[in-house]
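Take a look at the structure below.
The values are calculated or read from the model by the stated rules, or taken from the named source; none is laboratory data. Keep in mind the model is a prediction, meaning the values are calculated, not measured. Here the Cβ is made from the backbone with ideal geometry for all residues, glycine too, and neighbour counts use every protein chain on show.
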Amino acid sequence: MASGNCKYTGNGGVLFSTVIIHLFILSTVTLGLYAPWAWVRIFRVKASHTTIQGKQVQFVGTGAQLLVLAIVQGLLTVLTLGFYGPWAICKFFEWKAANTLVGDTPSRFVGTGGGLFFIYLVHLLILPILTLGIYYVYGIYRLYAWKEEHTRYAGEKTSFGGGFMEFLKVSIIGGILNFMTMNLFTPWSLSMLFNWQIKGLAVGDDERVAHFPPVKTNFAAAAAMVVIGLLPIALLGFIAKTQFDKYLAAAQMAKTVKIAPPPGAKAGGAIRPSVTSPSHAAETPPPKVQVVKKIEPPPSKAKAEGQAPERPTAKPSGESDTIFNRAWFVGSQGNLREAENLYTQAIAIDSKDAEAYYNRGLIRLQTRQYDLSVKDFTTALELDPKFYEAYCNRGNAHYRAGRSDLAISDYGMAMQLKPDDGDLFFNRGMVLLNMGREDEAKTDLKEAARMGQENAAAVLKSRSL
C-alpha cells in the first residue's frame with residue numbers, strides 16, 4: 001500500500017466502548033436519534049490517534065450540528081428524489097473538514113456537488129443497482145478517494161494514494177469477521193479502514209512532499225466488479241428460464257399424456273356429468289354430478305389389443321414417473337386403493353408433482369373421500385395455478401360433499417382459465433338447477449349446448465327450460 005506523510009495509531013480497542021455503547025446500544029435505544037453524537041465521538045477518537053505532517057489532529061464538531069445537517073440535507077435529497085444527493089454529501093464533507101484541525105489550523109473542503117455528480121450517478125447508483133449492490137464497494141472507494149483529494153488539511157495541498165485492492169481487502173475481512181462475531185468486530189473494522197485512509201494521505205505544499213497522481217477510475221477493477229455483480233443476475237435468469245421451461249413442458253405433458261383418466265373413462269373422450277336418477281335419493285347428499293375428466297386418455301391402440309396402455313416417456317428415468325405410470329395403469333384396471341397408495345409414493349418422492357396430486361384427487365373423488373380429494377386438488381392448484389381441471393374436479397368434490405356454493409365458485413375459476421369448455425358450463429348449470437336457481441342454470445346450459453356439450457340440450461328439453 002502506498003504511504004504518504006500521515007499516520008494513524010489507533011486500534012479496535014480504543015474504539016470499542018465508543019462503538020458498542022454509543023453507536024450500537026444508545027443509538028438503538030433512542031431509535032437512531034443519538035447516532036449523530038455517537039459518530040462525533042468516533043471522529044474524535046480517530047482524530048486523537050491521527051497525525052498529519054507530524055501535527056496532532058483534533059475534531060471539534062458536535063452531535064447537534066450533525067443532527068441538523070442530516071435532517072436538512074436528508075429532506076432536500078428526498079424532496080428532489082435523490083437528485084440533490086451529491087450536494088448533500090458535499091455539505092457533510094464541508095462540515096467535517098471545517099471541524100478537523102491540524103495543529104490549530106482548520107481544514108477545508110473544495111469539492112462541489114457538480115464535480116461529484118458523475119461518481120454519484122454512475123458509481124453509487126446505476127452500477128450498484130445493476131449488480132445487486134456488489135459494485136457498491138468500488139463506488140465507495142471512488143467516493144473516499146474523491147473526498148480526500150478535495151480536502152485541504154490545514155489548508156494545504158492534499159493527494160491520495162490508497163489503492164482499491166487494499167480497500168477491498170479491508171472490506172472483505174471486516175465484513176466476514178463482523179458477520180461471524182455479530183458485529184463485535186466493528187471497532188477493528190473501523191480501525192482498519194481509518195488506517196487505510198490516513199496512510200494514503202500526502203499533505204503539504206513543500207516541494208519535498210511526494211504527492212500521489214490524481215485518482216482515476218480503474219476500468220479493469222470496475223469491469224471486474226460489474227461482471228461479478230452480474231453473475232448472480234445471470235444465474236437467477238438461468239434458473240427462472242429453466243423453471244419456466246419445465247412449467248411449459250409439464251403443461252404440455254398434462255394436456256397430452258401425463259394425467260390419466262379416471263377408471264371407466266371411454267377411450268374417445270371424457271366422462272360426462274349427468275343428473276342422478278331417483279333411485280339414488282337415499283344418499284346424503286345425493287351425488288348429482290359425476291366426475292368430469294378434461295384430459296383425453298393416452299393412445300388406446302395397445303389397449304385394444306389386450307395389452308397394457310402406452311405410457312408417457314417424457315422422463316423415463318425418474319423414479320416418481322415410474323411409480324406414477326404404474327398407478328395410472330392399476331387405476332385404469334379398477335384397483336383404486338392400490339392406485340391411491342402408488343400416487344402417494346410418487347408424491348413422497350416428488351412433492352412438487354401437481355399431476356400426481358391431481359390424479360390421487362380423482363381416485364379419492366371416486367372413492368368418496370371428498371375432503372381428502374379437495375385437499376389434493378388444492379395442492380395441485382398451489383403448484384400450478386392454471387390447472388383448470390383441478391378447479392373443475394375440486395368443484396365436483398365440493399358438490400358431492402354438499403358444498404354447492406364452493407362448487408359454483410370453483411367452476412367459475414375454471415371458466416376464467418378455459419372459457420370455451422362446455423363441460424364447465426354444464427356442471428355449473430346442473431348445480432344451479434339442483435339448487436332451484438333455474439334462470440341462472442338455463443343460461444349456463446344454453447351456453448354449454450352452444451359449445452357442443454352433448455347432454456346440455458337434452459336437459460334443457462327434458463326440463464322445458
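If the condition is being under 32 Å from the mean Cα position of the chain (by Cα), part of a helix (DSSP H, G or I) and surrounded by 19 or more Cβ atoms within 10 Å (Cβ to Cβ), then the range 172-189 contributes 186, 189. The residue that is surrounded by the fewest Cβ atoms within 10 Å (Cβ to Cβ), counting only those in the range 305-327 that are touching a Phe, Trp or Tyr at 6+ places or on another chain (Cβ under 9 Å) and modelled with pLDDT of 50 or more, is 318.
Just for the range 81-112: of the residues that are β-branched (Val, Ile, Thr) and out of contact with any His (no Cβ under 8 Å at 6 or more places or on another chain), which one is farthest from residue 43 (Cα to Cα)?
Step one: of the range 81-112, the residues β-branched (Val, Ile, Thr) are 89, 100, 102, 105, 110, 112.
Next, only the ones that are out of contact with any His (no Cβ under 8 Å at 6 or more places or on another chain) stay: 89, 100, 102, 105, 112.
Working: 89: 17, 100: 9, 102: 14, 105: 17, 112: 23 Å.
This residue is 112.
When residue 133 is tested against (1) more than 20 Å from residue 202 (Cα to Cα); (2) at pLDDT 95 or above, only condition (2) is not met.
Of all residue pairs spaced 6 or more apart or on separate chains, those with beta-carbon atoms under 7 Å, a first member in the range 75-92 that is in the same structural domain as residue 150 (by TED's automatic domain parsing) and a second member that is surrounded by fewer than 14 Cβ atoms within 10 Å (Cβ to Cβ) are 90/112.
Annotation for the range 192-199: at least one member residue is of a type outside the set (S, T, N, Q) and under 20 Å from residue 134 (Cα atoms). Within the range 398-406, one or more residues are in the same structural domain as residue 344 (by TED's automatic domain parsing), buried (at least 24 other Cβ atoms within 10 Å of the Cβ) and not hydrophobic (A, V, I, L, M, F, W, C). The condition of being modelled with pLDDT under 95 and over 26 Å from residue 198 (Cβ atoms) does not hold for residue 68.
Scanning the range 411-455 for residues that are in contact with a Gly (Cβ under 6 Å, 6 or more places away or on another chain) and of a type in the set (Ser, Thr, Tyr) gives a single hit, 411.
Consider the range 100-120 and keep the residues that are in contact (Cβ under 8 Å) with a residue 12 or more places away in the chain and under 30 Å from residue 233 (Cβ atoms). The one that is surrounded by the most Cβ atoms within 10 Å (Cβ to Cβ) is 120. Pairs linking a residue in the range 197-225 that is in the same structural domain as residue 49 (by TED's automatic domain parsing) and without any contact (Cβ under 8 Å) to a residue 24 or more places away in the chain to a residue that is surrounded by 16 or more Cβ atoms within 10 Å (Cβ to Cβ) and in a loop (DSSP other than H, G, I, E, B), with Cβ atoms under 6 Å and 6 or more positions apart or on different chains, do not occur. Taking only the range 44-62 into account, find how many residues are of a type in the set (Ser, Thr, Tyr) and either outside the structural domain of residue 197 (by TED's automatic domain parsing) or touching a residue at least 40 places away in the same chain (Cβ under 8 Å) (or both). Count: 2.
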